[in-house]
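The values are calculated or read from the model by the stated rules, or taken from the named source; none is laboratory data. This is a predicted model, so every value here is computed, not measured. Neighbour counts run over all protein chains shown; Cβ positions are idealised from the backbone, glycine included. Keep in mind that these areas ignore ligands, DNA and RNA; they rest on the heavy atoms of the full protein, side chains included. Shrake-Rupley method; radii C 1.70, N 1.55, O 1.52, S 1.80 Å.
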There are 2 protein chains.
Amino acid sequence: MNAEQVLDVAMKAYWQSDPADVSINAICQMAGISKPSLYREFGSEDGLSRATLDRYAEQVLSEMFVVLRSGTGLRATLAALIDFASDDPRMETGCLFYKMRSGKHRLGPETRARVEEIDAVGQAAYAAFLQAARDAGEWPEGLSVEAGAKYLGEQIALAITMRASGEDPADVREMLTLALSVFTKL
Amino acid sequence: MNAEQVLDVAMKAYWQSDPADVSINAICQMAGISKPSLYREFGSEDGLSRATLDRYAEQVLSEMFVVLRSGTGLRATLAALIDFASDDPRMETGCLFYKMRSGKHRLGPETRARVEEIDAVGQAAYAAFLQAARDAGEWPEGLSVEAGAKYLGEQIALAITMRASGEDPADVREMLTLALSVFTKL
DNA sequence: TCATTTTCGTACTATTCGGTATTTTATGCC
DNA sequence: GGCATAAAATACCGAATAGTACGAAAATGA
């Protein structure tokens, strides 16, 4: 059982329930390793959760950024985001990043810093995507790109969180579509 | 120190931080009573949090329902809701009900049931409000009242939660206004 | 004033948490 | 085989959790 396998176990556990509800003990048991082994590898709970978040970012979040950079235009990209948030099977139990972000105050300093870093990267990606749409003339009047990016990010987070809480994906899709219609009703 | 004073202390503590982060010990200390006294009065932590939620509902949430029933028309009522969510000083540290709802799985059975009950009442109130607007002809095509009610409720919850996490009230207002503009852009 | 009952708080479970000291086990080398 | 070394697990620590047993104190009634 190497470090990456442990991270996969931790990621699955954190992702499936909630980082705050999964103890180090539970992860050791699930991974079949002893507690000292885990501490040798990751130093602390904070170290483990940070490493887990890093792995999640490169394995899962990176794909969202690909969608944002696809350059297929405002409507098509928004549609792809809606698909991802409301129907992608990986978001069935929510998004580990959003779970960590919403329980930020319970995280250790390393992990919290990483959450904020990823949040900023995400905001920048949303803003770049919307700026491109604006440059292409697809943009409602009287809305700044920054405000739009924040809005877009929060709406997607809301949709994924709602799915995680057991909401019907069709309802989530309807709500997210309605929320994002503000970008296309010129 | 009677039961209602204890509930006020608990409400403040739960509301200000998060129900999951406030222990029975801490509440006893803040209220200046002993733990057995608290258990005599409320039976269990679940009993205390349920009673606290009840008190919160009748003292704070009830006013939101008043706004919804004001009958001042779609635009004016939405504006009042936006004011409430983004500027009312009582929502500065968020809404206790939404905090409990988002951490539902950590609550005891009594409190959880009460949360679901209040949630249903809220949905019904939103739906009644929107139905009235629809009857008055103020309604976008192709949107069901139920979906609109759910959307409205989630957007307000999101706005208040964002405020609790330290977001600038002006930004929150802008986002909520944008989100609710789907109801008025006919 | 004394006895009874009710109220209340100190002091205690039992468990779980993150984290670690110590001992046991496996490994490599001669 | 015998021995040094590295790795891993057992068993523990102190703190914090929800919840309670039991004795002290205070109010009540005669």
Accessible area of the protein assembly as shown with a 1.4 Å probe: how many percent of it is carbon plus sulfur? 52
Magnitude of the charge dipole, chain B, Cβ model with Lys/Arg +1 and Asp/Glu -1, debye to 20: 260
Checked against the positive end of the charge dipole of chain A (+1 on Cβ of Lys and Arg, -1 on Cβ of Asp and Glu, about the Cα centre), the farthest of A:Ala80, A:Thr93, A:Ala136 is A:Thr93
For the protein assembly as shown, max minus min Cα coordinate along each principal axis, in Å, sorted largest first? 57, 56, 31
Extension gain A:Asp54-A:Arg69, at 0.36 nm per residue separation less the Cα-Cα distance, in nm? 3.3 nm
Can you list the HN-Hα couplings for the stretch B:35-50, worked out from phi with the Karplus curve (6.51, -1.76, 1.60; θ = phi - 60°), rounded to whole Hz and with x for Gly and Pro? 4, x, 4, 5, 5, 4, 7, 10, x, 7, 4, 4, x, 5, 5, 5
Which of B:Phe183, B:Ala13, B:Ala113, positive extreme of dipole for chain B (C-beta unit charges): B:Ala113
For the stretch B:116-130, Karplus couplings with θ = phi - 60° (6.51, -1.76, 1.60), whole Hz, Gly/Pro x: 5, 4, 4, 4, 5, 4, x, 4, 4, 5, 4, 5, 5, 4, 5
Which of A:Ser165, A:Gly71, A:Ala31 sits farthest toward the positive end of the charge dipole of the stretch A:3-183, with +1 on the Cβ of Lys and Arg and -1 on the Cβ of Asp and Glu? A:Ala31
Where the centre of each part is set by its Cα atoms, how far does the stretch A:91-124 sit from the stretch B:7-35, in angstrom? 28
Reference-scaled alpha-carbon Rg (2.2 N^0.38 Å with N residues) for the stretch B:40-98: 1.41
Gaussian network model of chain B, Cα springs within a sub-10 Å range: biggest mean-square fluctuation belongs to which of B:Glu110, B:Glu174, B:Glu141? B:Glu141
log₁₀ I(q)/I(0) of the stretch B:1-87 at q = 0.13, 0.14, 0.24 Å⁻¹, via Debye over equal Cα point scatterers, no solvent, to two decimals? -0.52, -0.57, -1.09
To one decimal in nm, how far is B:Ser181 from the same spot in the other copies, if labels go 7 Å from Cα toward Cβ? Please give the shortest first. 1.5
Which of the pairs A:Lys35/B:Lys99; A:Lys185/B:Lys104; A:Lys12/A:Lys104; A:Lys150/A:Lys185; A:Lys35/A:Lys150; B:Lys12/B:Lys35 have their Cα atoms more than 29 Å apart in this structure? A:Lys35/B:Lys99; A:Lys185/B:Lys104; A:Lys35/A:Lys150
Placing unit charges on C-beta atoms (Lys and Arg positive, Asp and Glu negative, everything else neutral), compute the dipole magnitude of the stretch A:104-186 about its Cα centre in debye, rounded to 20. 180
How large is the convex hull of the Cα atoms of chain B per residue, expressed in Å³ as a whole number? 107
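Name the shape class, rounded, prolate or oblate, that the alpha-carbon gyration tensor gives for the stretch B:119-186, where a ≥ b ≥ c are the square roots of its eigenvalues, rounded holds for a/c under 1.5, and otherwise prolate holds if a/b is larger than b/c and oblate otherwise. If you can, show how the numbers build up before the last one.
Numbers: a/c = 3.01, a/b = 1.59, b/c = 1.89.
It is oblate, given that a/c is not under 1.5 and a/b is not larger than b/c.
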